[in-house]
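Everything below concerns the one structure shown next.
The values are calculated or read from the model by the stated rules, or taken from the named source; none is laboratory data. Predicted model, so just to flag it, every value in this text is computed and none were measured. Note: ideal-geometry Cβ built from the backbone for every residue, glycine included; neighbour counts use all protein chains shown.
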Amino acid sequence: MAETSAVSATGLTLPVWVAAAARAAVLVLQGGAAPASVELRIPGEQASRSVPVWAAARLEDGTQALAITVCDPGRGLDLTRGLEIWVRAARTSAPGPGFQVTAGAGVGRHVQDGGLCISGFARELLDLNLTDLLTVESALELEVVLPRGQELALRTSNAAFGVVDGLALIGTQAEVQTSASPDQLEMLLAQLTELASQSGFAGQLTLVIGENGMDLAHQLGLSQQQPVLKAGNWIGPVLVAAAEAGVRELLLLGYHGKLIKLAGGIFHTHHHLADARFEVLAALAVQQGLSTERIRPLLQVASLEQAWEWLASQDAGQARALWMSMAGAVEQRSQGYLQRYGCPAMAIGAALFSRDRQLRWAGPEGLRMLGHAGLSLEPLLGGESGGPSLR
């Protein structure tokens with residue numbers, strides 16, 4: 001095992017705590033004593049991390065074991081704080097070595113196929129920390145259970161991205177990035193300064209809010225054409241810093257349920273601070289000339305995605321025009337934000353994606369920037385397939 005890191009086990013993402021519980025469960029299943037902590041190897045890190053284990057025990061028949069860890073995401077607002085993670089390890093009839101991860105109660109599943117929602121980083125983390133424990137006698141089944149997962153998932157946007165029944169096991173690194181904390185903003189500004197100082201920087205940047213936007217930017221090939229920076233919820237300060245750093249063209253790429261806040265002049269998008277999505281939608285609908293009979297139902301649904309689906313079912317063209325105007329309003333209000341702070345000129349384009357992570361709407365500047373990148377929009381109307389296409 002690599003040298004153990006002195007870094008505290010607080011501030012770690014959910015996949016790390018899952019991996020710790022999984023390793024503890026397998027250790028106990030093989031006859032070891034219940035560990036108070038386990039040493040975890042982290043992809044890309046030389047030193048291992050010591051992660052505490054709350055409990056671990058072999059079950060009655062001896063072919064199963066259960067281990068529990070308790071998530072500590074560190075400082076900042078994070079709904080996984082204090083979340084118990086249970087992992088049940090069981091021998092199967094299949095020959096080893098190997099293991100299969102299944103979603104137990106409270107763990108998110110993809111609505112399309114019911115499969116476990118887990119990131120590549122989380123899978124790699126499990127592979128890295130279980131390979132040395134696997135035997136040829138039999139493969140293992142690892143069932144992950146989050147007792148409060150389904151309850152907590154109601155406070156996330158998981159359902160908007162097609163994840164149901166609980167929390168997704170996603171994350172791209174070991175340490176939590178607190179998107180609403182001042183420390184996170186300082187780190188972002190440092191990244192931006194370093195990026196703009198590079199000799200090959202052409203003054204173009206794609207700005208995303210979270211992991212879904214980052215993943216889509218890679219899928220579209222935007223990351224191969226220009227740098228992509230994840231802003232978290234600090235959109236306003238990052239826009240100002242980008243303009244001052246010499247960025248000439250900035251593409252805002254984000255989920256429509258998040259970026260609509262910018263259309264209402266809200267430039268810190270964390271839901272704990274402000275949320276006026278439906279009020280902004282209603283104002284945009286009035287500007288577009290929608291009738292009261294059309295606007296009222298838009299304010300009675302549970303999500304912006306449902307508002308889109310309902311209006312598209314009533315009038316596809318009207319729905320598309322409203323959402324395209326939303327993207328245009330994001331561009332206009334963002335420009336106004338820069339002017340308020342006397343920033344250098346910077347073109348801002350907005351491109352919005354839907355819950356299936358398909359690019360659906362863009363403002364005038366966003367359309368121009370997407371066109372330069374070889375991408376165009378196709379509407380999602382009446383059940384047609386849509387999303388970005390290469391020209």
Is there a residue being at pLDDT 90 or above, surrounded by 15 or more Cβ atoms within 10 Å (Cβ to Cβ), among the aliphatic types (A, V, I, L, M) and within 19 Å of A282 (Cα to Cα) anywhere in segment 344-352? yes
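Of a type outside the set (A, V, I, L, M) and within 30 Å of N233 (Cα to Cα): is that true of G62 in this structure?
No, not satisfied.
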Among the residues of segment 1-15, is there at least one that is over 26 Å from the mean Cα position of the chain (by Cα), at pLDDT 90 or above, buried (at least 22 other Cβ atoms within 10 Å of the Cβ) and among the aliphatic types (A, V, I, L, M)? no
Select the helices (runs of 4 or more DSSP H) contained entirely in segment 192-272, then report the ones holding at least 3 residues which are under 17 Å from T172 (Cβ atoms). 211-220
Looking at V51, is it surrounded by 21 or more Cβ atoms within 10 Å (Cβ to Cβ), closer than 28 Å to V163 by Cβ and not acidic (D, E)? yes
Where a residue in segment 12-35 is closer than 18 Å to F99 by Cβ and its partner, wherever it lies, is among the aromatic types (F, W, Y), with Cβ under 8 Å and at least six apart: P15/F121; A21/W86
In this structure, does T102 turn out to be closer than 23 Å to M214 by Cα and in contact (Cβ under 8 Å) with a residue 12 or more places away in the chain? no
Looking at segment 73-85 only, could you name the residues that are farther than 12 Å from P15 by Cα and modelled with pLDDT of 85 or more? R81, G82, L83, E84
Within segment 18-58, can you find the residues that are within 32 Å of the chain's Cα centre (by Cα) and in a helix (DSSP H, G or I)? V18, A19, A20, A21, A22, R23, A24, A25, V26, L27
